[in-house]
1. Among the residues of the range 9-33, write down those that are β-branched (Val, Ile, Thr) and at pLDDT below 95.
2. Residue under question is residue 40, and the condition is that it be of a type in the set (A, V, I, L, M, F, W, C), at pLDDT below 95 and open to solvent by less than 90 Å² (accessible area, probe 1.4 Å); does it hold?
3. For the condition touching a residue at least 24 places away in the same chain (Cβ under 8 Å) and either out of contact with any Leu (no Cβ under 8 Å at 6 or more places or on another chain) or surrounded by 13 or more Cβ atoms within 10 Å (Cβ to Cβ) (or both), what is the one hit in 80, 67?
4. Which numbered condition in (1) of a type in the set (Ser, Thr, Tyr); (2) over 23 Å from residue 92 (Cβ atoms); (3) open to solvent by 90 Å² or more (accessible area, probe 1.4 Å) is the only one that residue 13 fails?
5. Which condition number in (1) surrounded by 10 or more Cβ atoms within 10 Å (Cβ to Cβ); (2) in contact (Cβ under 8 Å) with a residue 12 or more places away in the chain; (3) farther than 26 Å from residue 11 by Cβ is the one that residue 95 fails?
Amino acid sequence: MSSTKTSELGAGTSVLFYLQSRDNLRTYVSSRFVYVRSHISSTSGHSETSTKVVVGSFGAQYVLGERVSIFGELGLGFSRLTTTSTFTVPAASRGTLVRTRTGIGMVLYF
């Protein structure tokens, strides 16, 4: 019987720039960078993965009232994944992923 340990640690930052405001509608662009490192180990080997993600988005926010607004955004993201592993056969791999991103949400002000 083998035991497996998994750990993951990540950090990210985002920047939001408002472009234009008309009545209760504001448009914006945002960028995000995220870095995640994970480690898996067991009696049969271990693997380490690092992931870097960069996302750019365009969105709009509509103020419904003094304490509530809603938003929607569209974006494009790039992920770079690097893995090294000693499970069965020692190996290293890299990959790049490009994907679209959408989001909707509500902001509550207290």
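1. Matches in the range 9-33: none.
2. So residue 40 fits the description; yes.
3. Step by step, each of 80, 67 is checked, and only 80 is touching a residue at least 24 places away in the same chain (Cβ under 8 Å) and either out of contact with any Leu (no Cβ under 8 Å at 6 or more places or on another chain) or surrounded by 13 or more Cβ atoms within 10 Å (Cβ to Cβ) (or both).
4. Every condition holds for residue 13 apart from (3).
5. All conditions are met except number (3).
Listed here are the residues, each with its yes/no results for (1) farther than 19 Å from residue 25 by Cα; (2) polar (S, T, N, Q).
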site	(1), (2)
64	no, no
71	no, no
81	yes, no
84	yes, yes
87	yes, no
93	yes, yes
101	yes, no
104	no, no
109	no, no
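The values are calculated or read from the model by the stated rules, or taken from the named source; none is laboratory data. Model, not experiment: these values are computed from the prediction. No Cβ is skipped: glycine too gets one built from the backbone with ideal geometry, and neighbour counts run over all protein chains shown. Accessible surface areas use protein heavy atoms only, side chains included; no ligands, DNA or RNA. Shrake-Rupley method; radii C 1.70, N 1.55, O 1.52, S 1.80 Å.
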